[in-house]
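First up is the structure itself, then whatever we jot down about it.
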Amino acid sequence: MTEMVEQTSAPAADAVTSRLKRRYAAERRFQFMGMAAIAVALGFLALLLVSIFAKGASAFVQTQVQLEVTFDAGILGVAPGADRDTLASGDYLGLAKAALWSRFPDVSGRAEKRQLAALLSPSAGDALRDMVLSDPNVIGSTRKVWFPVSDSVDMTNKGYLPRDPAVEGARLNAAQMGWLQSLEDGGVLTKRFNWQFVTTGDSRDPTQAGVWGAVVGSFYSVLVTLLLSFPLGVATAVYLEEFAPKNRWTDLIEVNINNLAAVPSIVFGLLGLAVFLAVFGLPRSAPMVGGLVLTLMTLPTIIIAARASLKAVPPSIREAALGMGSSKLQMVTDHVLPLALPGILTGTILGMARALGESAPLLMIGMVAFIVDVPSGPMDPATVLPVQVYLWADSSERAFVEKTSAAIIVLLLFLAVMNLAAILLRKKFERRW
Amino acid sequence: MAQTSAAVAAPATSASQNTLADRRLAKVSARDVNVYYGEKHALKHVDLDIRANEVTALIGPSGCGKSTFLRCINRMNDLIDIARVAGSLTLDGDDIYDRKIDVVQLRARVGMVFQKPNPFPKSIYDNVAYGPRIHGMAKDQTELDEIVMTSLEKAGLLAEVKDRLDEAGTGLSGGQQQRLCIARAIAVSPEVILMDEPCSALDPIATAKVEELIDELRENFTIVIVTHSMQQAARVSQRTAFFHLGELVEVGDTEQIFTNPQHPLTQGYITGRFG
Amino acid sequence: MQLLTLTVVLLLLTSIGYRLGRGKAVATAGGNPRLLHSLPRYHGYFVALWCGLPALLVVALWLVAEPSLVRHLVQSGLPDDTLAIGEERLNLLYNEVRNVARYGMTASSPVVEAAAQRYGELRATLFAAAAALALALASGGLAFAYQRIKSDLRARNRVESVVRVFLVVCSTVAIFTTIGIVLSLLFESLRFFQSVSPIEFLFGTTWSPQMAIRADQVGSSGAFGAVPLFAGTALISLIAMLVAVPLGLLSAIYMAEYAAPRFRAVAKPLLEILAGIPTVVYGFFAALSMAPMVRDFGSSMGLSIASESALVAGVVMGVMIIPFVSSLSDDIITAVPQSLREGSYGLGATKSETVKQVILPAALPGIVGGVLLAVSRAIGETMIVVMAAGLSANLTANPFEAVTTVTVQIVTLLVGDQEFDSPKTLAAFALGLVLFFVTLALNIVALHVVRKYREQYD
């Protein structure tokens, strides 16, 4: 032993020092790698969010032009006294076009006039129709009205398309650019908040497309999911945690739940297609079916979360309740469940957030259809936010890139709110036994 | 006789009670060592000299700070974020808490054996070779083999395991595991070995073996052992220090402490009136 | 609307039942509830359950059975020549009938008109029957239960056993889900294997399930050799793992061993955000931001990278899986006993030496289990590959080329309108079956490994 001590503690001091240097260099390298890994992951997150917000923020504003409109019954083709349906069928787009033409009186010739009219969005007449329907007496009068412009103008004005007509990719010709310039100089062309985007359903025309239909569809789907998966999940968790005897049957259920938690979501879509649509004959594209599929998908998550929070309630509480002579069910409903509820709710919210962001299984049950109308119930055909993102991402128009990013922003906002709620709930009710 | 009363533990007085000769003889020397865990003052004004090639036992009731003191000597307290150490602690005259001191080198000089045997989930051979490997103590495989064999031999384990060096260290019995941990500690040829209740998880026969081993190791190493068992302290140590509520109450030759304690608290503890 | 009214009426009856039951119990006890076996409210629940449960079950049954029953009855009433038009057109016709009956659309033919009228009548009759039955059951149940209330009625036990049955039924939903998945996949796959041999499906190397627009078209039969899909899935998953495992593991090590608590408190939730972002967002990012970037970068380096390369899909998927790997590894690393760390530090090891030589070997089984779970997730991931990977079934190991995956093909085969019985759609179920069993096997192995690992240190 003594020899060994001498032999090993005696090597030249600089050999020890250089070895130590190497070891510390390795230590720093390793630590740097760890930090770099986190930096790369977070950098990617930042890149993703920044790129989406940069692309999508502009979709919340819309280029609009203010024009002086004379509600000319002749152009409209309807009289003020007509009934609602007739009023609604008037040529409001023609009215809007006429207003634009009258701003540029020197524009003449059919081709030129058509080019000028192309600056306006095909939905430019809608605002006028709403005005007339709410008050037919405006017919005959002259008002200043804001009109949405076509997506080419919108994209050019927002800087996504080149302003110089000679540059490749420009969608406006020299004459149109000139008119646009003159409108801008006249101070009647600005970007205003895009109400259309947040209040309407899908459309083939990017300027008219909105997310509201998808938001409502998502709402119904998640609502159905919540109403089904919460009671089912809690009941299952309570049974397994508080009542179930330890036997092969309950083992089977447990194994099942754990495995279902990891089954790819698209498989649930196949199940929905083969069972809910083909066997039960439920309607395609309905949030009801979407909710059913999402229920089966999120159920394991909720059960696992609920079991974990039931487990966290100390046995002493159960013993105390039973010792007072309460039945097992009373023990659960009066003592264990209230104590476990915050944890269960947190898990449920997180499960709902996952359901809200899920799209693959919904593609299988036809929620990818092009649906213009905002659904009015869970049985109406609808799409959901993430699927809307998928649909728009597939479109070739430049303007849909902006819309897609904006839809993602809306989706992320909802998710952020839900996660925040879960965090707050956890913080507020966190309990250490 | 170095003795610090619990009541008068002021640094000035205690320093004067330790003769200079004591400090020169000492392998490890503590002066006014204080340890705080966050708000808690866990160790208060401890002055203690640990002599080379002796076994020093630290005794006292639970939570008295003896393990805390032990962990100061190789700076294991660094691993606890909220721990703060104040005072002077030297190893061969070098300040252990000096900035220049490299904690990695320090721990190679001051080894440690823990309360619960904690062999790595590796083979017996790799367990013992781990330290020499990381410190680059062997030039080649033959030398490494030699270090491993000698260490196992010294730990009194070689005979039992020499045919199964490739088997997992976790497969040994509790007593064997603890001796493996001792072999692992001495493989880096430290100068001081700290033992934190090394026998508390062992049965009496394994304990006897480890105690025997400690006595043999004294020849080459300075040993500090924390123990709950006063019999053990009496059996293996030459000097004994008694801690109470974070203070060093009394230190002296083991025989004197057990036969003629100076402080009433010590007397109360060794006669079993509390603790 | 009618349904809503019926439900409200039933619920009202149920609550009346509750009040009656409780009231009678109190009255029976003569104002001294201690004479009762169960609390008065349990008597209330007892009556309410008798009143509401059977009736609501009838309503539920009606809801499930009504569509197919009505359809069957309407179709049997159609003229024979209409019935002969074939399954698919009959479906369209029936849809029209429903739309005419429900939303007042104009019928395209008198047959539809008549059927629509029949549809409306049948629905009304069936609903009336169901409603009558439900109401009868509700009031009958109420009366029956009400007259049974006595002071020694073990109402609580009765109510509790009903609740218990409810709990048991709920817990079997998971089992039925699994059975449903297996059966539906198996059933459709078997039909698929009647036209395509399993050998060809599992080992064939050509995948081109063309849609035949006309029967005489070239290649209308299609080729269903799924090997290119399996290879593509494996390639993309491999790339994803090459990204996710090192990054996830290193992040976990840094978080668990190095990071100050405050850094950890910030970085960990931030990292978890990556897992909370919907996969469709990753898909969009991969297809519209990453892919052009990578392609341009490749062409500047003289490489030809497909705009739907396996590389981009794999890397983005890998990033998505990072938090999954890191949080699993974090759990597993922190489960390594502190005593092992102390043993290593006590010998003078540095942190990285301790991590590399003690902690990682000790945690290896657990980490392997976690990685297996991550692989299973990568294999089943759909949206990223649908949007960022291609449709062309190339059998290649070159990450710069476009490949397709099992999930992409399932989506492509099933999205859009096509007949339910063609091999093309059925192939999707066969792919789903493979996907299900592969991920299932991975999960079972992984969960087993992780559990064994945890037991070791418990």
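Computed from the coordinates by the stated procedures, all read-outs in this text should not be read as laboratory data. Since the model is a prediction, treat every value here as computed from it, not as a measurement. Glycine gets a Cβ as well: all are built from the backbone with ideal geometry, and neighbour counts include every protein chain shown.
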Angle in degrees between helix C:173-195 and the longest Cα principal axis of chain C, rounded to the nearest 10: 70
Mean separation of Cα contacts under 8 Å (6+ apart) over length of the stretch B:166-275, as relative contact order %: 18
Area projected by the alpha carbon convex hull of chain A, averaged over all directions, nm²: 39.2
Those lysines that a straight Cα-Cα span of less than 28 Å connects to A:Lys328, excepting residues fewer than 8 apart in one chain: A:Lys246, A:Lys311, C:Lys24, C:Lys150
Where Rh is the Kirkwood radius over Cα pairs, Rg/Rh for chain B: 0.98
Separation of alpha-carbon centers, the stretch B:118-178 and the stretch A:370-433, rounded to whole Å: 59
Expected-Rg normalisation [2.2 N^0.38 Å, Cα atoms] applied to the stretch C:223-297: 1.49
Packing rank of A:109-121, C:134-146, where each peptide gets the mean count of other beta carbons within 10 Å, highest leading: C:134-146, A:109-121
Degrees, to the nearest 10: C:155-171 long Cα axis against longest axis of chain C: 40
Between the stretch B:219-258 and the stretch C:314-378, the alpha-carbon center distance in angstrom: 41
Positive-pole candidate from C:Trp207, C:Pro337, C:Val375, dipole of chain C, charges at beta carbon: C:Pro337
Length-normalised contact order for the stretch C:13-66 - Cα pairs under 8 Å, 6+ apart - percent: 43
Partner chain coverage, peptide A:369-376 - average Cβ within 10 angstrom: 0
Peptide A:44-50 - average C-beta neighbours from other chains (10 Å radius): 6
Among B:Leu70, B:Ala86, B:Ile96 - extreme Cα towards positive end, dipole of the stretch B:54-135, charges at beta-carbon: B:Leu70
Axial C-alpha extent at least 24 Å, average Kyte-Doolittle at least 1.6 - helices from chain A (DSSP): A:212-238
More than 19 angstrom apart: percent of Cα pairs within the stretch A:266-339: 54
The stretch A:148-266: relative contact order as a whole-number percent, Cα under 8 Å and 6+ apart: 12
Value of [θ]222 nm, deg cm²/dmol, for chain C, DSSP H segments ≥ 4, -39500 (n - 2.57) each, nearest 500: -25000 deg cm²/dmol
Rounded tilt (10° steps) of B:141-154 against the dominant C-alpha axis of chain B: 50
Only Lys, Arg (+1) and Asp, Glu (-1) charged, at Cβ; the protein assembly as shown dipole about Cα centre in debye: 2700
Dipole of the stretch A:354-433, positive end: most advanced residue of A:Val384, A:Met418, A:Leu356 [Cβ charges, Cα centre]: A:Met418
About the Cα centre, charge dipole magnitude for chain A (Lys/Arg +1, Asp/Glu -1 at Cβ), debye: 1180
Protection-proxy order for peptides C:339-351, A:54-66, each taking the mean of Cβ atoms within 10 Å per residue, highest first: C:339-351, A:54-66
Size of electric dipole in the stretch C:223-457: Cβ of Lys, Arg +1 and of Asp, Glu -1, about Cα centre, debye, nearest 20: 660
Share of Cα-Cα pairs in the stretch C:263-313 lying beyond 12 Å, as whole percent: 67
Average partner coverage of A:28-35, which counts Cβ from other chains inside 10 Å: 6
Tail weight of P(r) past 29 Å, computed on alpha-carbon pairs of chain C, percent: 69
Taking N as its residue count, the alpha carbon Rg of the stretch B:167-262 over 2.2 N^0.38 Å: 1.16
Value of D in µm² per second that Stokes-Einstein yields for the protein assembly as shown, Kirkwood Rh from Cα pairs, at 20 °C (1.002 mPa s): 59
Between the stretch B:68-84 and the stretch C:137-192, the alpha-carbon center distance in angstrom: 60
Rg ratio (alpha-carbon, reference 2.2 N^0.38 Å) - the stretch A:60-193: 1.09
Stokes-Einstein D for the stretch A:212-429, Kirkwood Rh over Cα pairs, 20 °C, 1.002 mPa s (µm²/s): 115
29 Å Cα-Cα reach of A:Lys55 towards lysines, excluding residues that sit fewer than 8 places from it in its own chain: A:Lys158, A:Lys191, A:Lys403, C:Lys268
Residues C:Leu12, C:Leu440, A:Leu425, sorted so that the one with the fewest Cβ neighbours within 10 Å comes first: C:Leu12, A:Leu425, C:Leu440
Principal axes of the stretch C:318-393: Cα extent on each, largest first, Å: 57, 18, 18
Sequence ranges A:20-29, C:58-67, ranked by mean other-Cβ count within 10 angstrom, highest first: C:58-67, A:20-29
